[in-house]
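Asker: Structure in structure tokens, see below.
The values are calculated or read from the model by the stated rules, or taken from the named source; none is laboratory data. These numbers were taken from a predicted model, which means no experiment stands behind them. Here the Cβ positions follow ideal geometry from the backbone for every residue, glycine too, while neighbour counts run over all protein chains shown. The protein model used for the area step is the full one, side chains on, heavy atoms only, and it has no ligands, DNA or RNA in it. Shrake-Rupley method; radii C 1.70, N 1.55, O 1.52, S 1.80 Å.
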Amino acid sequence: MKDIVWEPHGDYLNKSNISRFMNKHGIENYEELIARSTDDVQWFWDAALKDLGLQWYRPYDDILDMSEGIEWAKWFIGGKTNIVYNCIDRHIEAGNGDKLCLIHEGDDGRVRELTYAQLDEMVCKTANALKSLGVVKGDYVGIYMPMTPEIVAAFYATLKIGAIVIPVFSGFGATALATRLDDAKVKVLFTADGSSRRNKTVSIKQEADKALALAPSIKDVIVYQRMGPDVPMTEGRDHWWHDLVDTQSAQCETEQLDAEDRSLVIYTSGTTGKPKGTVHTHAGALAQCAKELGYAFDVKPDSRFFWVTDIGWMMGPWQMIGVQIFGAAHMIFEGAPNWPNPDRLWDMVQRHQITHLGISPTAIRLLMTYDLDWVKKHDLSRVKYLGSTGEPWDPDSYEWFLKHIGGGKAPIINISGGTEIMGCLLSPLPITALKPCSLRGPGLGMDVAVFDNDGQKIDIGIGHLVCRKPAPSMTKGFLNDKQRYLDTYFSKWEGVWYHGDWAEIDEDGFWFLRGRSDDTIKVAGKRTGPAEIESALLEHDAVMEAAAIGVPDPIKGQDVVTFVVLTPGYVVSEEIREELKMQVVKHMGKTLKPKNLLFVEALPKTRSAKILRGTIKRKYLGDDLGDTASCENPEAIDAIADAK
């Protein structure tokens, strides 16, 4: 095989968790492993969870119920468990309460470390605080906080009592937050007075208050005093964390839950309509996180795992659950990886003895713009695994990451799946060779394939990424919108999950991603839909119509460009351009501020008034337009190139 940049060797081949699994089941090579895990998914998931040591209050009677089809598959029938039981309780029971669980570093460099026993105490107190507010099994609890230990406590406390977590990125504006809270009818919200980034205080409570005016279901707000600034507190609704939580009992029993009981609803955006609430279960999240952290990343009790992420993105809960299943330690970070110096990230990796480092290609493209001496001054030799997800790599940054951060010895476990799967469709393993930018092949137990436009399987070439069998962590529909779920994933081919990515398989059987087949925008790994950005613009009186597209960016992967039709009476000016850009920031956060905002007389549309975003994007980028027969006003396409 050509272009191989990493070969498995030593402990990766002989002492990894996946090699143990293969030896246990007489599996001789990678190809046989993938075939067995995808041909018989029931055998695989049963064997994997037993090998990885997941615990049940009551063992399951049956592994899979497909009576309602792949769309509504049920897993581990009759089993009772809880994420908290597997991630905290059993480690305490085993006498490992003094073991390091969590490392937190703030923007200011201050470090907090918690053992499993200390986290358990925080979780129990927080759970009792929720109970005191009347939260019961099945209620929805929102988390809109900076990445501090309190966010981990709030996460597990909610799950401990059988309530359901709604995690929201703390950088979102009020409208984006309110949409999610109102859709889930959240009862209690965890938030904070503020956070710090690049030594600047970021207001969080202020945005939360604006959102609460649009989310009437919320009865109580628990506010963590992170920064100390004066913030308004609504009497009877708002409670300081230190007053409500810290005074509670440190004893709280974990609820025994059915395998299919809901654990999280994580929101993701498509190309149209409001954000979609992907619904996950206790057993499903446990199964996928354990499998991926255990086999793909080889997490063991002595691992120190750090993925640069936020709880509002799937990777936040994924890290917390997946690492703590194995009694290992994970790190969360509140600041920026290049502040106050370009080596902030490498300094933390060395100081905290990180063994697993996950980061987006966007962040690497940014960090590699600095002099290499910023990397060389740090000892990164303890890093055994590198990780990435969220967007495609380019070869130069991939190989820079592999060579300079992994020392050429640590593999890049480049994974891809989605919030709706709470895991991966594609993933390398410690036993697999790697090519630049490759995802190597199917994730274990994930029966994925590449289809052509006619639904025929492709063995070599580019096509649509699909999954032909269910997995435990696949979303149980969209919250409050089952039909949209069916339309999104199962309307293209009957009984087949259509993921919306272009995938390529080369002549050696290595898999690569080639971008989205829809209009989804991913900026610095953060995914949103044009509709949310457009909705923010349309709230401004000056905007009559708007279209948002994602365009290539050398650092972020993609950036946002918007096209605006002004309301009669408004004229084009730099002042209105900047005002509208800030309108997006107000609702969606700084990350999604448009790189460019252009004014046009009209947007290209179909006769049914659908905006032709794909056509707009191709015209803007100078690509071949393809078939434009559906456009009712083709002159608007030509005007895109002249927009100012």
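Asker: Going from most exposed to least, what order do Tyr156, Tyr224 have by accessible area with a 1.4 Å probe? List each step's numbers first, then the result.
Answerer: Details: Tyr156 0, Tyr224 30 Å².
Reading off the accessible areas and sorting them downward yields Tyr224, Tyr156.
Asker: Let me ask you something else. At a Förster radius of 30 Å, what calculated FRET efficiency corresponds to the Cβ-Cβ distance of Glu31 and Asp481, to the nearest 0.05?
Answerer: The calculated FRET efficiency here is 0.15.
Asker: Just to confirm my numbers, what's the Cα centroid distance between segment 14-82 and segment 453-469 in Å?
Answerer: Spelled out, the Cα-based centre of one part sits 25 Å from the other.
Asker: OK, next. Top to bottom by accessible area (1.4 Å), largest first, where do Glu235, Glu28, Glu7 land?
Answerer: Glu235, Glu28, Glu7
Asker: Okay, moving on. Over segment 364-488, what is the relative contact order in whole percent, taking alpha-carbon pairs under 8 Å and six or more residues apart?
Answerer: Details: 160 pairs, mean separation 20.6, N = 125.
The value is 16 percent.
Asker: Kindly report the accessible area of segment 150-205 per residue (heavy atoms of protein chains, probe 1.4 Å, no ligands, DNA or RNA), in Å².
Answerer: Working: 1230 Å² over 56 residues.
Roughly 22 Å² per residue, with all protein chains present.
Asker: With a 1.4 Å probe and every protein chain left in place, tell me how much accessible area Leu119 has, in Å² to the nearest 10.
Answerer: 0 Å²
Asker: How many angstrom separate the Cα center of segment 93-160 from the Cα center of segment 323-345?
Answerer: Spelled out, the Cα-based centre of one part sits 17 Å from the other.
Asker: Next up: Assign unit charges at the C-beta atoms only (+1 for Lys and Arg, -1 for Asp and Glu), then state the dipole size of the chain relative to its Cα centre in Debye, rounded to the nearest 20.
Answerer: Details: 72 positive and 90 negative charges, 174 e Å.
That gives the chain a dipole magnitude of about 840 debye.
Asker: So, for segment 256-351, what is the accessible surface per residue at a probe of 1.4 Å, expressed in square angstrom?
Answerer: Values: 1890 Å² over 96 residues.
Each residue of segment 256-351 exposes 20 Å² on average to a 1.4 Å probe.
Asker: Given Ala73, Gly335, Val584, which one lies farthest toward the positive end of the charge dipole of the chain, if we put +1 on the Cβ of every Lys and Arg and -1 on the Cβ of every Asp and Glu?
Answerer: It is Gly335.
Asker: Here's another thing I want to ask about it. Tell me what the chain gives for mean residue ellipticity at 222 nm when only DSSP H runs of n ≥ 4 count, each as -39,500 (n - 2.57), the sum divided by the residue total, rounded to 500 deg cm²/dmol. Provide the component values of the computation, followed by the final result.
Answerer: Values: 21 runs with 184 residues, N = 644.
Helix-only estimate at 222 nm: -8000 deg cm²/dmol.
Asker: Please sort through the DSSP H helices of the chain and keep those with an alpha-carbon extent of at least 18 Å along the long axis and a Kyte-Doolittle average not below -1.0.
Answerer: The qualifying helices are 116-132, 574-588.
Asker: When ligands, DNA and RNA are left out and all protein chains stay put, how many square angstrom of accessible area per residue does segment 448-560 have with a 1.4 Å probe? Could you put the intermediate results ahead of the total?
Answerer: Numbers: 4310 Å² over 113 residues.
I get 38 Å² per residue for segment 448-560.
Asker: So, one more: Provide the solvent-accessible area of Lys219, counting protein heavy atoms only and rolling a 1.4 Å probe, rounded to the nearest 10 Å².
Answerer: Approximately 120 Å² of Lys219 is accessible to the 1.4 Å probe.
Asker: How large is the accessible surface of Glu93 in square angstrom, using a 1.4 angstrom probe and rounding to the nearest 10?
Answerer: 130 Å²
Asker: Another question, then. Does segment 114-214 come out rounded, prolate or oblate by the C-alpha gyration tensor, with a ≥ b ≥ c the root eigenvalues, rounded set by a/c under 1.5 and, if not, prolate when a/b is larger than b/c and oblate if not? It would help to have the intermediate numbers written out before the result.
Answerer: Working: a/c = 2.40, a/b = 1.19, b/c = 2.02.
The shape class here is oblate.
Asker: Further question: Just grab the label-to-label distance for Val111 and Asp347, each label 7 Å out from Cα along the Cβ direction, in nm (one decimal).
Answerer: 1.2 nm
Asker: Over segment 269-414, what is the relative contact order in percent, taking alpha-carbon pairs closer than 8 angstrom and at least six residues apart? It would help to have the intermediate numbers written out before the result.
Answerer: On the way: 191 pairs, mean separation 29.1, N = 146.
Across segment 269-414, relative contact order equals 20 percent.
Asker: Figure the gain on full extension for Ile555 and Ile462 (residue separation times 0.36 nm, minus the Cα-Cα span) and round it to one decimal in nm.
Answerer: Values: separation 93, 0.36 × 93 = 33.48 nm, distance 2.54 nm.
Full-extension gain reported as 30.9 nm.
Asker: Can you return the aspartates and glutamates within cross-link range of Lys593? Criterion is Cα-Cα under 14 Å, with same-chain partners fewer than 8 residues away left out.
Answerer: Those aspartates and glutamates meeting the cut-off are Glu532, Glu534, Asp553, Asp559, Glu578, Glu579.
Asker: State the cysteines of the chain left without a partner when partners are defined as other cysteines whose beta carbon lies under 4.7 Å away.
Answerer: Cysteines of the chain left without a disulfide-compatible partner: Cys87, Cys101, Cys289, Cys424, Cys437, Cys467, Cys631.
Asker: Heavy atoms only, probe 1.4 Å: what % of the accessible area of the chain goes to carbon and sulfur, would you let me know? The partial results should precede the final answer.
Answerer: Numbers: 11400 of 24190 Å².
Accessible surface attributable to carbon and sulfur in the chain totals 47 percent.
Asker: Right, here's the next one. Any chance you could run the full-extension gain for Asp379 through Glu574? It's 0.36 nm times the residue separation minus the Cα-Cα distance, nm to one decimal.
Answerer: On the way: separation 195, 0.36 × 195 = 70.20 nm, distance 4.79 nm.
That works out to 65.4 nm of additional length.
Asker: Could you pull out the pairs from Lys482/Lys586; Lys125/Lys210; Lys617/Lys644; Lys274/Lys556; Lys50/Lys435 whose alpha carbons sit more than 22 Å apart here? Display every interim value, and only then the final one.
Answerer: Numbers: Lys482/Lys586 31 Å; Lys125/Lys210 28 Å; Lys617/Lys644 15 Å; Lys274/Lys556 24 Å; Lys50/Lys435 32 Å.
Checking Cα-Cα distances, Lys482/Lys586; Lys125/Lys210; Lys274/Lys556; Lys50/Lys435 exceed 22 Å.
Asker: Let me ask you something else. Around Ala250, with a cut-off of 12 angstrom between Cβ atoms, what is the net charge of the other residues, counting Lys and Arg +1 and Asp and Glu -1? Numbers along the way, then the final one.
Answerer: Details: positive: Lys125; negative: Asp120, Glu121, Asp246.
In short, -2.
Asker: Another question, if that's okay. Cβ under 13 Å from Ile143's Cβ, Ile143 left aside: what net charge do those residues give with Lys, Arg +1 and Asp, Glu -1? Please report the intermediate quantities before stating the final value.
Answerer: Values: positive: Arg180, Lys187; negative: Glu150, Asp310.
So the environment of Ile143 carries a net charge of 0.
Asker: Given a cut-off of under 8 Å on Cα pairs at least six residues apart, what relative contact order in percent is computed for the chain?
Answerer: Over the chain, the number comes to 13 percent.
Asker: Arrange the residues Leu214, Leu537 by how much accessible surface each exposes, largest first, with a 1.4 angstrom probe. Walk me through the numbers before you get to the answer.
Answerer: Working: Leu214 105, Leu537 0 Å².
Descending accessible area places them as Leu214, Leu537.
Asker: Calculate, in nm to one decimal, what Gln42 and Asp246 gain on full extension: separation in residues at 0.36 nm each, minus their alpha carbon distance. List each step's numbers first, then the result.
Answerer: Values: separation 204, 0.36 × 204 = 73.44 nm, distance 4.42 nm.
Full extension from Gln42 to Asp246 adds 69.0 nm.
Asker: May I pose another question? Please find the FRET efficiency linking Glu399 to Ala641, where r is the Cβ-Cβ separation and R0 is fixed at 30 Å, and quote it to the nearest 0.05. List each step's numbers first, then the result.
Answerer: Details: r = 36 Å, r/R0 = 1.19.
With a Förster radius of 30 Å, E is 0.25.
Asker: Name all residues of segment 292-314 having a backbone nitrogen under 12 Å from the label point set 7 Å from the Cα of Leu13 along its Cα→Cβ direction, giving them as ranges.
Answerer: In segment 292-314, the label zone of Leu13 (backbone N under 12 Å from the point 7 Å along Cα→Cβ) covers no residue.
Asker: Could you tell me the calculated FRET efficiency between Met233 and Arg198, based on Cβ-Cβ distance and R0 = 22 angstrom, to the nearest 0.05? Each step should come with its number before you reach the end.
Answerer: Values: r = 27 Å, r/R0 = 1.24.
Given R0 = 22 Å and the Cβ-Cβ separation, E is 0.20.
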